[in-house]
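Here is the structure we will look at.
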Amino acid sequence: MRRNTPLITLLTGAALGVVLLVASMLADPSGKPASYSAAAAAATSAPPAATETAPAAPSSPAPAAPSPTAVTTAPVKATYAGRVGGGGGSVAVSIHGSQAIAYVCNGSTVEAWFKGTAVNGVLIMTGKNHSHFSAIYDFGKVTGDVLAHGTDYSFSVPVVTKPSGLYRATAVVRGATIKAGWIVLSDGTQVGSLEPASDSSAPSANEAPVLDVTTGTAQAGHLVLRAVPVDGVTGSGF
């Protein structure tokens, strides 16, 4: 029986070694080194690296809208006529290009012719004996102020078409220059003045005879006056 003692001791040692091995595996189930597990955990918990984003390209400014083209409201060819403020007379204006002619008349004591420029809707004209005329105009009317024979008139008169408008006649009789002017309104009314000696130092005016707009003539006693239209559209009388 004593001969079996070394075998028993050997088996007992082997069993103890197996127990120790199993205990070691239970303590570390993965069987991997501790350093590997720590590195993996660190990689998993680390925040993702920031991604650099390229700055957005600046947007191109919207193209500027084209500036509007200036459009003038002043006609270059027109004739206007009407009564002055208060009804004490009438005024007519003809514009042809940059030239302008005007006439104001009350049929007896007040009458004056004016000549000047028409530029960008503004009229500046002068006449005899310190008379003056200033106005603005467009396609519909001319509005302004006129001073003649010491009388100041304001007015705003519309565009007219033939036979309405401005007429004048000149004749020489026995060395004296006779001048007549007429304003024919849209309703057919006429206002006119006759200067029997317009070139004298102190011309006087009388009411003009009726103008026949069809023939362009007026009878002043034995004298037949032939009138010329001062027409801004055609340029007649300028």
Going by the conditions given, is residue 115 under 16 Å from residue 231 (Cα atoms) and among the basic types (Lys, Arg)? yes
Checked against (1) crowded, with 21+ Cβ neighbours inside 10 Å; (2) touching a Ser or Thr at 6+ places or on another chain (Cβ under 9 Å); (3) not polar (S, T, N, Q), residue 91 satisfies every condition except (2)
Could you say which residue among 81, 56 is at pLDDT 90 or above and over 27 Å from the mean Cα position of the chain (by Cα)? 81
Does residue 180 satisfy the criteria of being over 25 Å from residue 87 (Cβ atoms), open to solvent by less than 50 Å² (accessible area, probe 1.4 Å), of a type outside the set (Ser, Thr, Tyr) and not in a loop (DSSP other than H, G, I, E, B)? no
Could you grab the pairs with beta carbons closer than 9 Å, sequence gap of 6+ or different chains, first residue in segment 116-129 and open to solvent by less than 70 Å² (accessible area, probe 1.4 Å), second one among the acidic types (Asp, Glu)? 121/138
Qualifying residue in segment 210-223 (condition: more than 42 Å from the chain's Cα centre (by Cα), open to solvent by less than 40 Å² (accessible area, probe 1.4 Å) and not small (Gly, Ala, Ser)): yes
Which of the residues belonging to segment 136-169 are of a type outside the set (A, V, I, L, M, F, W, C), assigned to a strand (DSSP E or B), without any contact (Cβ under 8 Å) to a residue 24 or more places away in the chain and open to solvent by 60 Å² or more (accessible area, probe 1.4 Å)? 152
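The values are calculated or read from the model by the stated rules, or taken from the named source; none is laboratory data. Please read all numbers here as calculations on a predicted model, not as lab measurements. Because the Cβ atoms are built from the backbone with ideal geometry, glycine has one as well, and the counts that use them run over all protein chains shown. Side chains are part of the model used for accessible areas, which takes the heavy atoms of the whole protein and leaves out ligands, DNA and RNA. Shrake-Rupley method; radii C 1.70, N 1.55, O 1.52, S 1.80 Å.
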